[in-house]
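Undergrad: This is the structure I want to talk about, given as structure tokens.
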Amino acid sequence: MRILKYIFLLLLLSLVALSIFIATQKGDFTVERSKVINSPKPAVFNYVNDYKNWQDFGSWATEDPEMKITYPQNTIGKGGSYSWEGKDGNGDMKTIFVKENDSISQKMNSNGTSSDVFWSFKDTVGGTKVTWKTKGKMSFLFKIYSAFNGGVEKIIGGMYEKSLANLDKTLDYEINTYSVKVDGLVKKPETFYLHQTFTSKISNVIKNFRIVTPKIITFCEKNNIIITGKPFILYHTYDLVNGLTKISICVPIKNQIYTSEGSDLYSGKLEAFEAVKTTLTGDYSHKDKALNKTTQYLNANRLTSDAAFSHLEISLMGKTEIKNPSKWVTEIYYPIKSKVEAIKIYKPAVIKADEVITTEPVIKTTEAVKTEPIAKPKPVAKPKQTIKTEPVIKTEPVIKKTTAPKKEEEQSEF
């Protein structure tokens, strides 16, 4: 029995010593990992900036399929958050700062261990260099866990390496899988809509669209306004040099209404128009390729853009409908001048070209027409006769001559 007591006391003393050793260890930690992701910087930034995408690349989520993840209403940008419950514990994370297409700062709490998380995104050869860094202070339980699992550098660093590899693999397919199709000429019908109009950076259009659209839809629902289609963006101007655009974010409605004075929402009417339609299937980052292909189509078919506005975009299938960027569908409409106006423009150009080519034959034919009447004396005599007939009608002999035939016609009747 005494031996057992000694063994028990020895184990207890060892446990106390180990606990004291662990407790006195430095609790601060910093872990950092980087990887080049084979995708454009805006696409990578937007994907990481939404917590709903994290379960697709986060190693802790992929290795624990039974993990329960809870998403609040906002998961994107500053104020976005999410929480989880898994076999290795519970935690939550919240975004506290965002610099568009550049960096993200977050606060994380996992099993009592709090840490600051930083992301940076830099353009580089081969894609985007993503750096993922965390700084924090370990709880006592996490110190024990890390002591028996190779240390915090190995634990967190290993998760970051696997997660960044998953991020590259996921985005390489989801972001870089896309198609552009020019559907040709279509007729867009008359449309009533509610809208908010402002000037925006081109890079921020989708972000503003996701903020403003729910606001307009909520307004319609509260006021029993019937929505008749998908929200769309009307680009009034599109300045690629300065990266600015004047846009109206619109929701189509059944009937035209009038909003109260001072409201930031206004009612509008889009007249029916002809347009060249292009369909982009895939991530929105490929929009410029769709615009360039549309411009090529306009030039190849000698179509003239209508200056009423730059273009119009309808998101048929987006982030709210499906998570996978490769399956998003965006329709782009470039307004053109009507066919009647186009004919008026092109006809004179064709006539001028014909006249230039056939100038010599035309001159010869006109000379031939002129020579015939000049060569013949008879056509010259005819106008002289017509000139003489006018005074003959006025003279008295003519009157006498006309009466004589009348008398002969009377005698012939008898």
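Undergrad: Which members of the stretch 144-166 meet the condition of being in a helix (DSSP H, G or I) and modelled with pLDDT under 70?
TA: Answer for the stretch 144-166, where residues must be in a helix (DSSP H, G or I) and modelled with pLDDT under 70: Ile144, Tyr145, Ser146, Ala147.
Undergrad: Against the condition in the same structural domain as Pro42 (by TED's automatic domain parsing), of a type in the set (Val, Ile, Thr) and in contact with a helix residue (DSSP H, G or I) (Cβ under 7 Å, 6 or more places away or on another chain), how does Thr70 come out, does it pass? It would help to see each step written out before you state the result.
TA: On the way: in the same structural domain as Pro42 (by TED's automatic domain parsing): yes; of a type in the set (Val, Ile, Thr): yes; in contact with a helix residue (DSSP H, G or I) (Cβ under 7 Å, 6 or more places away or on another chain): no.
Considered against the rule, which asks whether it is in the same structural domain as Pro42 (by TED's automatic domain parsing), of a type in the set (Val, Ile, Thr) and in contact with a helix residue (DSSP H, G or I) (Cβ under 7 Å, 6 or more places away or on another chain), Thr70 comes out as no.
The rows are residues; the columns are (1) at pLDDT below 90; (2) crowded, with 18+ Cβ neighbours inside 10 Å; (3) assigned to a loop (DSSP other than H, G, I, E, B); (4) outside the structural domain of Ser338 (by TED's automatic domain parsing).
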{"site": "Ser260", "(1), (2), (3), (4)": "yes, no, yes, no"}
{"site": "Asp264", "(1), (2), (3), (4)": "yes, no, yes, no"}
{"site": "Gly268", "(1), (2), (3), (4)": "no, no, no, no"}
{"site": "Ala275", "(1), (2), (3), (4)": "no, yes, no, no"}
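Undergrad: Which residues, counting only those in the stretch 194-233, are loosely packed, with under 15 Cβ neighbours inside 10 Å and in contact with a Pro (Cβ under 9 Å, 6 or more places away or on another chain)?
TA: Ser203, Thr228, Gly229, listed by residue number.
Undergrad: Among the residues of the stretch 47-60, is any in a strand (DSSP E or B) and within 18 Å of Ile206 (Cα to Cα)?
TA: Let us first name the residues in the stretch 47-60 that are in a strand (DSSP E or B), namely 50.
Applying the additional criterion that residues be within 18 Å of Ile206 (Cα to Cα) yields 50.
Within the stretch 47-60, one or more residues are in a strand (DSSP E or B) and within 18 Å of Ile206 (Cα to Cα).
Undergrad: Please pick out the residue among Thr134, Thr128, Thr170 that is of a type in the set (S, T, N, Q), buried (at least 17 other Cβ atoms within 10 Å of the Cβ), at pLDDT 90 or above and not in a strand (DSSP E or B).
TA: The conditions single out Thr170.
Undergrad: Within the stretch 267-291, which residues are under 21 Å from Val251 (Cβ atoms) and in contact with a Leu (Cβ under 7 Å, 6 or more places away or on another chain)?
TA: If the condition is that a residue be under 21 Å from Val251 (Cβ atoms) and in contact with a Leu (Cβ under 7 Å, 6 or more places away or on another chain), then Ser267, Lys287 are the ones that fit.
Undergrad: May I ask you to verify whether Asn324 is closer than 30 Å to His195 by Cα and modelled with pLDDT under 90?
TA: So Asn324 passes the test.
The values are calculated or read from the model by the stated rules, or taken from the named source; none is laboratory data. Not measured: the values here are computed from a predicted model. Every residue, glycine among them, receives a Cβ derived from its backbone with ideal geometry; neighbour counts consider all protein chains shown.
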